[in-house]
Amino acid sequence: MENRIKILLIILVVICILLVIIYFAVGNYFYNISLNPKTDKEFVVGSSEQTEEQKMWWEEKTKWLEENSTDAYITSTNNGNLKLHAYEIESKEESDVWTIVIHGYMSKGIAMTEYSQKFNGRGYNVLMVDLRGHGLSEGDYIGMGWHDRLDIIDWINYIISKNQNSKIMLFGISMGAATTMMTTGENLPSNVKLAISDCGYTSVWDEFNYKLNQLFNLPEFPVLYAANTICKIRANYSFKDASAVEQLKKSKTPTLFIHGNVDDFVPFEMLDEVYNAANCEKERLVIDGAGHALASTVDGDTYWQTIDNFISRFI
């Protein structure tokens, strides 16, 4: 009898060890495919292979950047002394107005050139950032907006150090929109006048839970919990802490929320949640028939007219 109990205990211990190993293995796998910038994410963001038209677009934008921008660098003051990069584009005529333009998941600053051209063409200075782990910025994980919000504050302080009278607006798309919303929940300098969020998610937990079901048809428990455990260990943040909704409850920054109503990457339904959570002056714009990050493409006239009107209220 005593031997049987010992054998059962050994079996239970082995099973527990195996479950722990599986838990961490699953967590590490999903962490790598979602937050390690060096792993292939084609199945998430689509093929990286470019058409001839896309190649011409990149060449055109690269040429414009080379002619109109300079490289700016800062060292992050939070979560690692990382060298962060941005493209700095000065207005043709002297201006105190600055737009910080923030790209999306697995993208980079140069992909936001078209938006930066629009803002610069309106007479604004532009700082087009590479978020940590993207473009020319250092970093071995994707911050999903959470640690990035503190990096954006560093960039805000960079602008103020150059121009104490600066009037700053934040503009982001997708993960950049989440970064924008999360940033507004912090105690920001009075120089920050407004924010524009285009198709941002409610929280990292909600977005990953949605994609986990959409791409893998898997439940949040135990998969998302395991990935979150690994994220805490390897990247020092929690999916649940990284919440645009909770940050917006603290926000005092006037914010324009934009979303396409056929977005299936960041669900359109998330617009209501972030808008309702915002404790600030706010507007919303829904673009009919627009998929993820395509609002300006589907109805550019309405998109930019709404942005111009919103800016004119606060700058």
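Beta carbons closer than 6 Å, at least 6 apart along the sequence or on distinct chains, pair a first residue in the stretch 185-201 that is within 19 Å of Tyr275 (Cβ to Cβ) with a second that is of a type in the set (Phe, Trp, Tyr) and surrounded by 19 or more Cβ atoms within 10 Å (Cβ to Cβ) for Ile196/Phe171; Ser197/Phe257. Selection within the stretch 1-38: residues that are in a loop (DSSP other than H, G, I, E, B) and under 43 Å from the mean Cα position of the chain (by Cα). The member of this set that is modelled with the lowest pLDDT is Lys38. Taking the numbered list (1) closer than 20 Å to His292 by Cα; (2) not in a helix (DSSP H, G or I) in turn, Asn79 passes all entries but (1). For residues in the stretch 272-308 being touching a residue at least 24 places away in the same chain (Cβ under 8 Å) and among the hydroxyl-bearing types (Ser, Thr, Tyr), which is surrounded by the most Cβ atoms within 10 Å (Cβ to Cβ)? Only one residue fits best here, namely Ser296.
Let's see how each residue does on (1) surrounded by 18 or more Cβ atoms within 10 Å (Cβ to Cβ); (2) free of Cβ contacts under 8 Å to residues at least 40 places away in the same chain; (3) of a type outside the set (Gly, Ala, Ser):
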residue: Tyr73; (1), (2), (3): no, yes, yes
residue: Glu94; (1), (2), (3): no, yes, yes
residue: Tyr105; (1), (2), (3): yes, no, yes
residue: Gly109; (1), (2), (3): yes, yes, no
residue: Glu138; (1), (2), (3): no, no, yes
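Glu269 meets all of the listed conditions (1) surrounded by fewer than 17 Cβ atoms within 10 Å (Cβ to Cβ); (2) in contact with a helix residue (DSSP H, G or I) (Cβ under 9 Å, 6 or more places away or on another chain); (3) within 16 Å of Ala177 (Cβ to Cβ) but one, namely (2).
Going through Asn228, Asn209, Asn217, Asn191 one at a time, which residue ends up being modelled with pLDDT of 95 or more, outside the structural domain of His259 (by TED's automatic domain parsing) and surrounded by fewer than 19 Cβ atoms within 10 Å (Cβ to Cβ)? Show your work before the answer.
Numbers: Asn228 fails: surrounded by fewer than 19 Cβ atoms within 10 Å (Cβ to Cβ); Asn217 fails: modelled with pLDDT of 95 or more; Asn191 fails: outside the structural domain of His259 (by TED's automatic domain parsing).
Going through Asn228, Asn209, Asn217, Asn191 in turn, the sole match is Asn209.
The values are calculated or read from the model by the stated rules, or taken from the named source; none is laboratory data. Note that the coordinates shown come from a computational prediction; the quantities given were computed from them, not determined experimentally. So basically every Cβ, Gly included, is an ideal-geometry build from the backbone, and we count neighbours across all protein chains shown.
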